[in-house]
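Comments concern the structure below.
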Amino acid sequence: GGLGGRRVTSYPALELDMQAAGAEFQDAEVVVDGTMVSSRAWPDHSAWMREFLTVLRTKAPAT
């Protein structure tokens, strides 16, 4: 239940594990749920980093 109510993506073979942890699994390049950013695998790292930086800038802007 550690991911209860969260939307995530991960390596497709882990879909059942994500669901068992309570998450809503989405097969997408990147999924943003609040401050949690997830992606499937290394080919998606550029999209993951782009979204992670967006969340970081929003939640902890540089002064």
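The values are calculated or read from the model by the stated rules, or taken from the named source; none is laboratory data. Keep in mind that this is a model prediction, so the values were computed, not measured. With ideal geometry, Cβ positions are generated from the backbone for all residues, glycine too; neighbour counts draw on all protein chains shown. Keep in mind that these areas ignore ligands, DNA and RNA; they rest on the heavy atoms of the full protein, side chains included. Shrake-Rupley method; radii C 1.70, N 1.55, O 1.52, S 1.80 Å.
Here is how the numbers come out for the structure above:
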read-out: The chain, relative contact order [Cα under 8 Å, separation at least 6], %; value: 28
read-out: Of all accessible heavy-atom area on the chain, the percent that carbon and sulfur account for (1.4 Å); value: 57
read-out: With all protein chains modelled, accessible area of MET36 [1.4 Å, Å²]; value: 50
read-out: Sites LEU53 and LEU14 - FRET efficiency at Förster radius 25 Å, r taken between beta-carbons, to 0.05; value: 0.55
read-out: Solution diffusion estimate, µm²/s, Stokes-Einstein, the chain, Kirkwood Rh from C-alpha pairs, 10 °C, viscosity 1.306 mPa s; value: 132
read-out: Rounded to 10°, Cα long-axis angle of helix 45-59 versus longest principal axis of the chain; value: 60
read-out: Hz values of 3J(HN,Hα) by residue in the stretch 24-31 - Karplus curve (6.51, -1.76, 1.60), Gly and Pro given as x; value: 8, 7, 10, 7, 9, 4, 8, 10
read-out: Residue-normalised accessible area of the chain, given per residue in Å² at a 1.4 Å probe; value: 68
read-out: DSSP-loop trypsin sites (Lys or Arg not before Pro) across the chain, with at most 11 other Cβ within 10 angstrom; value: none
read-out: Gain upon complete extension [ALA21, ALA60; 0.36 nm per residue less C-alpha separation]; value: 11.2 nm
read-out: Computed [θ] at 222 nm, helices only, for the chain once each DSSP H run of length n ≥ 4 contributes -39500 (n - 2.57); value: -10000 deg cm²/dmol
